[in-house]
Each structure stands twice: as structure tokens, then as C-alpha cells.
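To start, the structure under review is shown below, and the notes come after it.
The values are calculated or read from the model by the stated rules, or taken from the named source; none is laboratory data. Bear in mind the structure is a predicted one, so any value in this text is a computation, not a measurement. Positions of Cβ are backbone-derived with ideal geometry, glycine not excepted, and every protein chain shown enters the neighbour counts.
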Amino acid sequence: MSRYMNRIIEINPEEGWVRVEAGVIKDQLNQYLKPYGYFFAPELSTSNRATLGGMINTDASGQGSLVYGKTSDHVLGVRSVLMGGDILDTQAIPAALAETLANEQSAIGRIYRTVYQRCKAQRQLIIDKFPKLNRFLTGYDLRHVFNDDLSEFDLTRVLTGSEGTLAFITEARLDITRLPKVRRLVNVKYDSFDSALRNAPFMVAANALSVETVDSKVLNLAREDIVWHSVSELIADVPDKEMLGLNIVEFSGDDVELIDGQVASLCQRLDRLIAQGEAGVIGWQVCGELDGVERIYAMRKKAVGLLGNAKGAAKPIPFAEDTCVPPEHLADYIVEFRALLDAHGLSYGMFGHVDAGVLHVRPALDMCDPQQEVLMKRISDEVVALTAKYGGLLWGEHGKGFRAEYSPAFFGDELYGELRKVKAAFDRITALTRENLPAGRRRCADDEGGRGETRHLRSPDPHRRTQLMARGDGVQR
């Protein structure tokens, strides 16, 4: 995709949108937009290699998502190719027009008919079941197909986050955001990672754009890496104190006086906490230069690589790395998550978007050891139960992939059945990524126009699946 379908087709600075092919890299797009004073807002640590098509298919998001939202919040429409070769163009349209399209006797008519009818008939179930989270899920977003008063319908919301299971997305029209004129970071240092987590809501309440957190494991690995030379003066040690947690707090906007006032107010409150010995705060530093801001985020973006460079046969495995819980429950959830991993004697590092309730956790496992393969599945089961306990999700950012086997546990059988009907409407023979997300067709009496054939979701060989997880890209080669 990035080799052949990488054109930026059109930009409309006056209306604030751009049209791109699916293979355009996020950093490539932002470099193109910069002279116009815009950027594509969803932020990723993989922005130098993430394609827009990939971001749309996983509904990607990252730092700053409380303000900027997810990729789906910036997709105005997409063009995709269906399994039969039909071209499907989607955007927000009046619900009455969607109902008219649903009456067409064609593949596109079938799709509109199924999604329109199922989302309307099961509206209350969908509202009740979909998590009330910033990172609500990656998958078929039935919750936002209709707007709140049911006057508008947008099939695009089903395609964003569908991970290639419904159609082949070729291009998209994207909303773009004005570049902020002012950016400030406050690097807040803590005596423990738990203190950093519990103090994060304090930062969000101070009108921060984002709060990123890093634990002592990642910090210590960064100290041993060349990247530390670029940030050591910006995250200096506190005399006679050990820094075991770090919150990177960003304020940004166009009003210099307002932003500097917010930063000053936060720092005054931090000084009071330090003086009173409260909240585990041991120090802070402000970074007001763009070059410094970018260096700090470059260090944060290296977290996965730093963990992967740890010595030994056990390597960090991304099987439960993007769990999401309500931010107010994050600290308690992580206490239990860490206890779970500690009970199995595993090494791990933690970092992520504490303001959104998403932490990236990659326990180190030796995937050449069959017992550790079994342990990975056992831990996954335990994490599913733990996220459910705190009202969260197993997948808050990076897509489901093979973890889709847990979908019925989160959605329930009835709503999962609706997801299957959507899959079947797009992909009648379950040809697209048949091992991920809902299998499209099972014996269903109400399956319109079908022959009632059974096409169960077939799990790949366990060892093959483990190899895919260990590699971390989810791409079968």
C-alpha cells in the first residue's frame, strides 16, 4: 500500500479536509500539511510508518486522544472495494437517503439494509452494551452509525476499526486540525509508578491536552540507551530521591498567556504537594521549546523498542498490551494487573496514555518454551476477567486480531450475533480475514438470501498464532 497507493490527492484548507490514498504514511501527510498550518491529529508512536489505511482499519489513536479523539472521529468518508468488486463510497448522509439506498437490490443495497435495520432495531441494546470509554473499542462501531436523534446515518463508522474484515479501503477524506501555536510539557516525577497513576486525574483536571506515563522499568532501560543523552537535562534526577514514575503532561493551544498560566498554576499546585509530602510527587520540570518537546516524545515512542532490547530469552509479547479501563479506576486496576503478572514471576514494563485509561503492557515470555505458550493464554483469560471487573476492554487501541475470540464475552451473545450479521452483509463467503473478528455466517433462520451454510470461525494452529503474537505485527507471512 505505502509503495503504490501513496498519493495525497486533494486538500481543501478553507474547509479543513484532505483526500488521500490508503498507503499514505501519517508523518508523510503531516509534513505535507505543515505549510498549510494543519496536521492530522490522531497521534501514534509508529507515525513514521503507520499508513492512513491501517489507522482507519484499526481506528488508531494515542497521545492526546481525550481532546483529539480517535481516527474515526476524523474520517469524513472512505472509498472501499467490496469482495464482488463493487465500489462503495461512504459518508454521513440523511437517514432517509440511507433508507432509500437500503431498498436497492444490489450488494450495496444489502449492506445498507442490514446495517440500517440492525442498528435501528437494536439501538437500545447497542447503547447499553458499548462501553462508555474514550477508547470504546476497535471493531464494528454500531454505536455511532446513527447520530443521537437518528436523523443522520454514516456507514463509515462500521468500516473504521473493521481490520480489513468488511472491505478493502482505498482512499479516505479526512478532517484536519489547525497546528497549535504553543506547546508546553511539564515532566512530573514520582516516588512510585502507583503515585504517577493516581495523580494523573489531577493533571487532566488542570486542562492538560494529554498525560503520558512511564514506569521505572522503561525509565531505567532508557537510561542505558543513547536516547537518554537527548533528554537527560529535561528529566533530571532529583537529589536524594529515586524517580520510579514519570508523567509527561502537555498543554497546547494558540493563546500563549493562557497556556503559560495553566502551566504556572499546575506547577504551583505541584510545589504544594512536594512541600506537604503528598501524592508521591518529588519534582517537576517545564519544557517550553518545541525541539525539547519532540525529544521527550521520541524517548517515549522508543518504549517498545527499549523493552524488546532487554537481555535474555524472554521477550515482551503484545497479547494484552492495550487494555482500557475508565481512568478513575486505572490505578486500582493496574495494582491487580501487576499482582497477576508478579504471581507468574514475569518481567514487564508499563507506559501509555494514563489520561485515557490505556496502558501498554508487554509481559516478557520465552515463546520457545511450550509451558509459556500455555501461560500466555491463561494470563489472557485472567486479564479479560480483570478488565470486565473494572468496566473496561481487552483491546482499547491496537485492534483485536486473534483476540477476537473474546468478543462474545464483552458484547454478549445477542449483540455479537448482530456483529456477525454485519460481517455477512459485507462478506457473504467469509473470505476476508476469516480468522479475525466475527465469522460472517452461521446457520441463521433470518439470514436473508443465504443458503444456511455453516462457516464457523476457525482458529489457527496455536503454535502459529503464538508466532504471530510474538512477532507483534499480526501479518501472516
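Of all residue pairs spaced 6 or more apart or on separate chains, those with beta-carbon atoms under 8 Å, a first member in the range 379-391 that is assigned to a helix (DSSP H, G or I) and a second member that is small (Gly, Ala, Ser) and crowded, with 19+ Cβ neighbours inside 10 Å are Ile379/Ala320; Ser380/Ala320; Val383/Ala320.
Only one of Val354, Val286 is assigned by TED's automatic domain parsing to the domain that holds Val188 and surrounded by 16 or more Cβ atoms within 10 Å (Cβ to Cβ). Can you tell me which?
Answer to the selection: Val286.
Consider only pairs whose beta carbons are under 6 Å apart and that are at least six residues apart or on different chains; among these, list those whose first residue lies in the range 110-127 and is basic (Lys, Arg) and whose second residue is surrounded by fewer than 19 Cβ atoms within 10 Å (Cβ to Cβ). Listed pairs, sorted by first residue: Arg113/Ala102.
Any residue in the range 38-47 that is assigned to a strand (DSSP E or B) and over 15 Å from Glu171 (Cβ atoms)? Working first, answer last.
Step one: of the range 38-47, the residues assigned to a strand (DSSP E or B) are 38-39.
Now narrow it down to the ones that are over 15 Å from Glu171 (Cβ atoms): 38-39.
Within the range 38-47 (the criterion being assigned to a strand (DSSP E or B) and over 15 Å from Glu171 (Cβ atoms)), the answer is yes, since at least one residue qualifies.
Restricting Arg300, Arg338, Arg272, Arg295 to those that are out of contact with any strand residue (DSSP E or B) (no Cβ under 9 Å at 6 or more places or on another chain) and either in contact (Cβ under 8 Å) with a residue 12 or more places away in the chain or of a type in the set (D, E, K, R) (or both) reduces the list to Arg272. When Arg79 is tested against (1) touching a Ser or Thr at 6+ places or on another chain (Cβ under 6 Å); (2) in a helix (DSSP H, G or I); (3) under 14 Å from Glu171 (Cα atoms), just one condition goes unmet, and that condition is (2). Might you check whether a residue that is of a type in the set (D, E, K, R), closer than 30 Å to Ala206 by Cα and surrounded by fewer than 17 Cβ atoms within 10 Å (Cβ to Cβ) occurs anywhere in the range 312-333? Within the range 312-333 (the criterion being of a type in the set (D, E, K, R), closer than 30 Å to Ala206 by Cα and surrounded by fewer than 17 Cβ atoms within 10 Å (Cβ to Cβ)), the answer is yes, since at least one residue qualifies. Checking the range 96-105 against the condition returns no match, with no residue being assigned by TED's automatic domain parsing to the domain that holds Ile169, touching a residue at least 60 places away in the same chain (Cβ under 8 Å) and of a type in the set (Val, Ile, Thr).
Can you spot a residue in the range 429-442 that is in contact with a Pro (Cβ under 8 Å, 6 or more places away or on another chain) and at pLDDT 65 or above?
The answer is no, given that none of the residues of the range 429-442 is in contact with a Pro (Cβ under 8 Å, 6 or more places away or on another chain) and at pLDDT 65 or above.
Applying the criterion of being under 23 Å from Glu14 (Cα atoms) and of a type outside the set (Phe, Trp, Tyr) to the residues of the range 44-69, the residue that is surrounded by the most Cβ atoms within 10 Å (Cβ to Cβ) is Leu52. Total residues in the range 9-50 satisfying the condition of being more than 24 Å from Ala356 (Cβ to Cβ) and among the hydroxyl-bearing types (Ser, Thr, Tyr): the figure is 2.
Screening the candidates Leu66, Leu97 for the property of being out of contact with any helix residue (DSSP H, G or I) (no Cβ under 9 Å at 6 or more places or on another chain) and assigned to a helix (DSSP H, G or I) yields one hit, Leu97.
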